[in-house]
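Taking it in order: structure first as C-alpha cells, then the write-up.
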C-alpha cells in the first residue's frame, strides 16, 4: 500500500511538472524560464519561506568542524536555513553568493528577524505555511530542479 501511495505521489508531481515545462525536450535555460514565468504568475507574494535544509555555508558548523560561537556570530550576518524570510520576488539570472547552484532560480528575500536582504537559491526554500498553494508550487519546482540536474 505504501508503495502505491509513493507512486501515486510521484505521478502527481510528474503531472504538475509537465504542465509547467511541457513534454518537449527544451534546453535547460528555456525550462528555467518556463518555471520562472509560472512561479511569478502563480505564487502569491510576498510569502514566508525557510530553508529546506542547512545552507552550504552552515554545513561545517552543523557537522561539528566549526565552533558554535563562530556559527552563532555568522548567523547574524548570513542567512540560515532556520531563519524565516519573506519571499519578495523570483529572478532567473542574478548572482547569489548563497545559492548552492548558479543555475537555480534566485529568490529575493528579507529576513523577518532583522530585515536583512539576501538572494538565495529558490530550490533550497520551502513555504512555511504547508497548507498554502504556494507550498506545493515551490515544492514542485524543487523536486524538478533537484531531479533534473
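As a proxy for reagent exposure, ranking 85, 118 by other Cβ atoms within 10 Å from fewest up yields 118, 85.
Annotation: the residues 47, 101, sorted from fewest to most other C-beta atoms within 10 Å of their own C-beta, follow the order 101, 47. If you wrap the range 62-141 in the convex hull of its Cα atoms and look at it from every side, the mean projected area works out to 6.0 nm².
Across the alpha-carbon atoms of the range 28-82, the computed radius of gyration and Dmax are 16.2, 44 angstrom.
Compute the helix-to-body angle for 133-147: its Cα long axis versus the longest principal axis of the chain, expressed 0 to 90° and rounded to tens. Between the helix axis and the principal axis of the chain, the angle is about 90 degrees. From least to most packed, judged by other beta carbons within 10 angstrom and beginning with the fewest, 80, 123, 41, 148 follow the order 41, 148, 80, 123.
Read-outs throughout are calculated quantities, based only on the coordinates presented, and are distinct from any laboratory measurement. These numbers come from a predicted model, not from an experiment. Glycine gets a Cβ as well: all are built from the backbone with ideal geometry, and neighbour counts include every protein chain shown.
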